[in-house]
1. Kindly evaluate ALA154 against the criterion of being at pLDDT 95 or above and out of contact with any Ser or Thr (no Cβ under 9 Å at 6 or more places or on another chain).
2. Name the single residue that is farthest from the chain's Cα centre (by Cα) among those in the range 144-161 being open to solvent by 10 Å² or more (accessible area, probe 1.4 Å) and of a type in the set (A, V, I, L, M, F, W, C).
3. Taking LEU68, is it within 24 Å of VAL37 (Cα to Cα) and surrounded by 20 or more Cβ atoms within 10 Å (Cβ to Cβ)?
4. So, in the range 15-39, of the ones that are open to solvent by 40 Å² or more (accessible area, probe 1.4 Å) and touching a helix residue (DSSP H, G or I) at 6+ places or on another chain (Cβ under 7 Å), which residue ends up farthest from GLY105 (Cα to Cα)?
5. Identify the single condition in (1) in contact with a Leu (Cβ under 9 Å, 6 or more places away or on another chain); (2) modelled with pLDDT of 95 or more that VAL46 does not satisfy, given that it satisfies every other one.
6. Could you tell me which numbered condition ARG42 fails, if it satisfies all but one of (1) more than 24 Å from ILE149 (Cβ to Cβ); (2) buried (at least 19 other Cβ atoms within 10 Å of the Cβ)?
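The values are calculated or read from the model by the stated rules, or taken from the named source; none is laboratory data. Quantities reported herein were computed from a predicted structural model and do not represent experimental measurements. When we count neighbours, we look across all protein chains shown, and the Cβ atoms used for this are built from the backbone with ideal geometry, even at glycine. These area figures cover heavy atoms from the full protein model, side chains too; ligands, DNA and RNA do not enter into them. Shrake-Rupley method; radii C 1.70, N 1.55, O 1.52, S 1.80 Å.
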Amino acid sequence: MAAATPAIAALLAAEVPHEVLQYRHDPRTEAFGEEAVEELTRVEGVDPEQVFKTLIIALPKGLGVAVLPVPAKLSLKAAAAALGASKATMADRADAERATGYVLGGISPFGQRRKLPTVVDESALHWDRVLCSAGKRGWDVAVHPQDLIRLTDAVIADIRA
């Protein structure tokens, strides 16, 4: 049986223990992270700080990925520094979707079309599992933070504003 998304396929291929969690996605919303937190904390009983968002950032020499808790605000300066760049801005939506192969609101750190330099907020290490997009709006995947870091070749840094 084929995996439902490239993210799930990547987790299966790497034999990473994971749990796929689905929630009701309202197609009218653009607040994807907040929707995930609201649904997953209510249904799954997870802490909002365990639900991570995947943001694509533009660096002077290409794109990068910043993974941090949904309630947190990204420090572009800290993310750029962690990835060895002088500065960063939020990537254009079309560029982010083209590079990752996912639509906004469903961008997963796993199974991206192109492997991008990734930084994960250090707060991930406080949890036995973190949730991030499984590659489709309304789908998250719970993984151990060390598996998230290993599979994405991420660096760890404090990237909160």
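1. Numbers: at pLDDT 95 or above: yes; out of contact with any Ser or Thr (no Cβ under 9 Å at 6 or more places or on another chain): no.
Considered against the rule, which asks whether it is at pLDDT 95 or above and out of contact with any Ser or Thr (no Cβ under 9 Å at 6 or more places or on another chain), ALA154 comes out as no.
2. Ranking the qualifying residues of the range 144-161, first place goes to ALA161.
3. Values: within 24 Å of VAL37 (Cα to Cα): yes; surrounded by 20 or more Cβ atoms within 10 Å (Cβ to Cβ): yes.
Considered against the rule, which asks whether it is within 24 Å of VAL37 (Cα to Cα) and surrounded by 20 or more Cβ atoms within 10 Å (Cβ to Cβ), LEU68 comes out as yes.
4. HIS18
5. Just one mismatch for VAL46, condition (2).
6. Among (1) more than 24 Å from ILE149 (Cβ to Cβ); (2) buried (at least 19 other Cβ atoms within 10 Å of the Cβ), ARG42 violates only (2).
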